[in-house]
Amino acid sequence: MLLSTVTALLTYLLTTFTHDDSHESPILRFELRQYHAVSSAAHVLFHDAPPAPESLRPQHTLGTRLIRSRRPSSLAALSDARARSRKYAESVPIDWDDDDVIGPDVESRETLLEIAKMTNNAYLEPAEAGWYDLGGGWNVTYPVGWEPDADGFRGHVFATPDNSTVVLAIKGTSAGFVGGGGPTSKKDKFNDNLLFSCCCARIDWTWTTVCNCYRGGWKCDQDCLEEALIEESLFYSIGTNLYNNITYMYPESNIWIIGHSLGGALASLLGVTFGAPVVAIESPGEKIAAGRLHLPSPPEVQQHITHVYHTADPIAMGTCNGVLSSCALGGFAMESRCHLGRSIVYDTVTNLSWAVDIRKHGIVNVIEEVLSHPWPPAVEAGREVPEAKPEEDCVECFSWDFGDYPP
């Protein structure tokens, strides 16, 4: 890890003196390297994108900045702290490593726009309607992970030409109201309902819950919930295996993680675990899931995790709940609202007169209507995007009583 940090810093210093004059911050250029997918047997699969001629090689330009990353001193210490917290309710002190790492420039509108396009394409087959051409020359070979029986999460791996920095993009929920269906939709919904509901997606007596932790009234068994989140079928567990595979393939690289919706929440949970820079777009609140997974938090705000969302999205805002909500009618119990790290929030309700609507959750709305144009309130404040701020005093699931309620 030390070598990769030094390599990233050297790259940053070099690009500082060689970057495009039209950018205020050093830039990195990324190209598509692999498609990643998880099979129905929970095996992480990679499919290399065949190299294209240099003149046609797709490149994605992202601005960079130095950020402070905080990660547990070792994965063994993290594992021990999680186990003691879960089994014995002990709060184990943990040592944190502070590193200045190269991360995406989240204060640059163009960088956020490019990241949003990269996350959008994780939903689609190459050349499918809605695919964003990020430079031409995309390989259109049918990749591993798109076969009908492939039902795990998937996405793309990008890297700089020298492999100094790698971007892992994770697909979000595939559902009719957020951007198509497909073979992953069943497991996507299961993970949504497990991660972002208060108690196993218990909305009312008509609902089939995703775990057996509901104990009547507003009571939920905490130990049962935590056990449910640790099951290997959960995307978080698979995501940690995916990240470890990426570090094996790129052992000296600085790794970023990006995603939209469920993919953004998973990116954030992995960023907390491994200290990787994260950009999550229109993500439901993942803070409650991090607590149930017993992921230790440093005393300061995790500056390497950035959420980007707008106020007309009821999922990111945590208002798409209740038995008559659009989410519930679609079979989703999206009840969480609190985000980790810092959030860049676009007030589209006030400034664009948008109504709160589940259809505004899709990534294309963010690309075409929010990030593709200068944001006047930010420009007036001398910025390109709204200021990233921590979500303080955020409360969720306040009606529920979580405790020891055996069956």
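The table below lists the values:
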{"quantity": "Residue within region 365-386 that is out of contact with any Ser or Thr (no Cβ under 6 Å at 6 or more places or on another chain), outside any helix (DSSP H, G or I) and closer than 22 Å to SER197 by Cβ present", "calculated": "no"}
{"quantity": "Cross-chain or 6+ apart pairs with Cβ under 6 Å, region 302-316 first and under 16 Å from LEU352 (Cβ atoms), then surrounded by fewer than 24 Cβ atoms within 10 Å (Cβ to Cβ) and of a type in the set (Asp, Glu)", "calculated": "THR311/ASP347"}
{"quantity": "Region 288-300, residues that are buried (at least 18 other Cβ atoms within 10 Å of the Cβ) and under 17 Å from the mean Cα position of the chain (by Cα)", "calculated": "ILE288, ALA289, ALA290, LEU293, LEU295"}
{"quantity": "Long-range neighbours under 6 Å by Cβ, at least six apart or interchain, first residue in contact (Cβ under 8 Å) with a residue 60 or more places away in the chain within region 322-351, second assigned to a helix (DSSP H, G or I) and of a type in the set (S, T, N, Q)", "calculated": "ALA333/ASN193; LEU340/SER268"}
{"quantity": "Residue list for region 274-289, filter: farther than 17 Å from LEU234 by Cα and either in contact with a Leu (Cβ under 6 Å, 6 or more places away or on another chain) or in a strand (DSSP E or B) (or both)", "calculated": "VAL278, VAL279, ALA280, ILE281"}
{"quantity": "Test: residue in region 353-362 that is within 22 Å of the chain's Cα centre (by Cα), assigned to a loop (DSSP other than H, G, I, E, B) and of a type in the set (S, T, N, Q)", "calculated": "no"}
{"quantity": "First in region 373-385 and over 16 Å from LEU112 (Cα atoms), second anywhere and at pLDDT 95 or above and part of a loop (DSSP other than H, G, I, E, B), Cβ under 8 Å, 6 or more apart", "calculated": "PRO377/ASP347; PRO377/PRO386; ALA381/GLU387"}
{"quantity": "Region 247-279, subset surrounded by fewer than 23 Cβ atoms within 10 Å (Cβ to Cβ) and among the β-branched types (Val, Ile, Thr), residue farthest from HIS294 (Cα to Cα)", "calculated": "THR247"}
{"quantity": "Per-region count, region 222-245, residues hydrophobic (A, V, I, L, M, F, W, C), crowded, with 22+ Cβ neighbours inside 10 Å and closer than 25 Å to SER164 by Cα", "calculated": "1"}
{"quantity": "Conditions (1) of a type in the set (A, V, I, L, M, F, W, C); (2) assigned to a helix (DSSP H, G or I); (3) surrounded by 18 or more Cβ atoms within 10 Å (Cβ to Cβ); number of the one not met by CYS338", "calculated": "(2)"}
{"quantity": "Single unsatisfied condition, ALA316 versus (1) touching a strand residue (DSSP E or B) at 6+ places or on another chain (Cβ under 6 Å); (2) in a loop (DSSP other than H, G, I, E, B)", "calculated": "(2)"}
{"quantity": "Count - residues of region 322-335 that are touching an Asp or Glu at 6+ places or on another chain (Cβ under 7 Å) and surrounded by fewer than 24 Cβ atoms within 10 Å (Cβ to Cβ)", "calculated": "1"}
{"quantity": "Check on LEU168, part of a strand (DSSP E or B), at pLDDT 50 or above and either surrounded by 19 or more Cβ atoms within 10 Å (Cβ to Cβ) or not aliphatic (A, V, I, L, M) (or both)", "calculated": "yes"}
{"quantity": "Residue satisfying all of: in region 231-261; in a strand (DSSP E or B) and among the β-branched types (Val, Ile, Thr); nearest to the chain's Cα centre (by Cα) among these", "calculated": "ILE258"}
{"quantity": "Close pairs from region 232-252: first farther than 14 Å from ALA267 by Cα, partner part of a loop (DSSP other than H, G, I, E, B) and of a type outside the set (D, E, K, R), Cβ under 6 Å, at least 6 apart", "calculated": "TYR250/ASN163"}
{"quantity": "Number of the condition not met by ASP188 [criteria: (1) assigned to a loop (DSSP other than H, G, I, E, B); (2) of a type in the set (Asp, Glu); (3) at pLDDT below 85]", "calculated": "(1)"}
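One line per residue, one yes/no per condition, for (1) under 21 Å from ILE344 (Cα atoms); (2) at pLDDT 75 or above; (3) outside any loop (DSSP other than H, G, I, E, B); (4) of a type in the set (A, V, I, L, M, F, W, C):
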residue: ARG68; (1), (2), (3), (4): yes, yes, yes, no
residue: SER85; (1), (2), (3), (4): no, no, yes, no
residue: GLU90; (1), (2), (3), (4): no, no, no, no
residue: GLY103; (1), (2), (3), (4): yes, yes, yes, no
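The values are calculated or read from the model by the stated rules, or taken from the named source; none is laboratory data. No experiment lies behind these values; they were computed from the predicted model shown. Positions of Cβ are generated from backbone atoms using ideal geometry, with glycine treated the same way; all protein chains shown enter the neighbour counts.
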